[in-house]
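The values are calculated or read from the model by the stated rules, or taken from the named source; none is laboratory data. Please read all numbers here as calculations on a predicted model, not as lab measurements. With ideal geometry, Cβ positions are generated from the backbone for all residues, glycine too; neighbour counts draw on all protein chains shown.
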Amino acid sequence: MKEALPKPVIRGDLSHVVDAHAGATPIIGDIAYMLVENRELLAHVQQKLADMGFRRFEFIGAGTVAMAMHTTRDQVVRIGPENDDYTLERPIHPAILQPICTEHIRFQGHAIRVEVLPKVRTEGVTPNHLRRLKEALRLSNLEVLDLGVKGNVGLMDVGGQSVPVVIDPGALKVINKNLPVISRGEHLFLWMDDRNRPLQEDFERRKRPRHVVDAEALETVEQVMRGPRSMADRVAHTTGRPDHRRVSQTVEAVREDGLYPDQLKELYTRAMAKHDDTTNFSELLKEERRILKDEMRPKEQGR
């Protein structure tokens with residue numbers, strides 16, 4: 001029997017990820033179809049994500065409505081139509097993964113919701129995890145559809161334990177719409193700390209992206225590298241010629257590769273370690289960018 005070939009990794013900016021996903025899948029979900037069919041909308045959403053600091057992604061998966069992608073850090077960006085007919089607005093509940101932030105995009109009559117979620121594990125989810133999660137949600141007036149589908153449930157490693165949470169709000173429905181969703185109570189002890197606070201609060205603080213190069217930060221980077229009294233000017237003053245290639249490599253490492261400041265520092269550290277009189281520093285930066293991009297493939301993560 002022939003072994004199944006591994007699925008190709010789809011990695012790049014939003015346009016590339018959407019186009020590659022659509023080209024590799026016979027039937028695509030609502031959001032992918034919207035973006036493929038409307039290039040202006042796709043460009044607008046891509047720019048909005050870049051303004052938030054997210055420029056490079058790796059495709060995780062897509063459902064009927066939404067699609068999910070890794071960033072170059074421990075976050076997942078989930079994009080879906082706003083208030084669609086399928087997706088329940090993500091309830092604020094300790095057993096449901098809560099977004100780090102949510103962005104609402106309006107363009108040409110389209111309404112899109114972008115959620116930035118902390119990374120959780122989808123490997124190691126056991127039947128016992130699913131049973132306890134299902135019962136806790138039932139007592140909260142919620143039902144999980146397709147509970148056993150990989151990517152709908154993940155594990156938070158927090159407080160010395162692995163706590164199951166629902167990742168995909170599309171897998172949820174309210175049991176009795178005349179009653180509220182219950183987000184506190186003894187049935188949720190597994191998801192609360194000893195001060196009766198949701199464990200997710202500590203988990204999210206630990207996973208929250210720091211020093212993301214958003215639109216304002218990128219403008220500062222470009223001023224430092226290219227503006228008056230910039231790095232390019234200082235290099236030119238010292239050497240008698242501007243090193244525009246080095247400056248370009250640095251800015252592109254943020255713009256195209258989606259690097260965070262500490263990743264940029266690592267890029268320079270690696271290049272400096274290999275630099276000597278026989279090597280060109282700009283070419284070393286270019287090569288280290290390529291290597292770092294290959295290494296930045298995020299570990300497995302559910303939808």
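One table, with the values for the structure above:
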item: Residues of the stretch 9-55 classified as part of a helix (DSSP H, G or I), small (Gly, Ala, Ser) and free of Cβ contacts under 8 Å to residues at least 40 places away in the same chain, total; result: 7
item: Pick from the stretch 257-276, criterion within 16 Å of residue 54 (Cβ to Cβ) and surrounded by 15 or more Cβ atoms within 10 Å (Cβ to Cβ), ranking: modelled with the lowest pLDDT; result: 260
item: Failed condition for residue 82, given (1) within 26 Å of residue 181 (Cβ to Cβ); (2) at pLDDT 85 or above; result: (2)
item: Some residue of the stretch 152-167 being crowded, with 20+ Cβ neighbours inside 10 Å, in a loop (DSSP other than H, G, I, E, B) and in contact with a helix residue (DSSP H, G or I) (Cβ under 8 Å, 6 or more places away or on another chain); result: yes
item: Of the criteria (1) crowded, with 17+ Cβ neighbours inside 10 Å; (2) in contact with a helix residue (DSSP H, G or I) (Cβ under 8 Å, 6 or more places away or on another chain); (3) in contact (Cβ under 8 Å) with a residue 60 or more places away in the chain; (4) not acidic (Asp, Glu), which one residue 79 fails; result: (3)
item: Long-range neighbours under 6 Å by Cβ, at least six apart or interchain, first residue assigned to a helix (DSSP H, G or I) within the stretch 169-181, second among the acidic types (Asp, Glu); result: 171/146
item: Single match in 192, 225 (criterion: of a type outside the set (Gly, Ala, Ser) and modelled with pLDDT under 90); result: 225
item: Some residue of the stretch 44-53 being polar (S, T, N, Q), assigned by TED's automatic domain parsing to the domain that holds residue 98, within 28 Å of residue 295 (Cα to Cα) and crowded, with 18+ Cβ neighbours inside 10 Å; result: yes
item: Sole exception among (1) crowded, with 20+ Cβ neighbours inside 10 Å; (2) over 23 Å from residue 147 (Cβ atoms); (3) modelled with pLDDT of 90 or more for residue 106, by number; result: (1)
item: Residue in the stretch 84-91 that is outside any loop (DSSP other than H, G, I, E, B) and not aliphatic (A, V, I, L, M) present; result: no
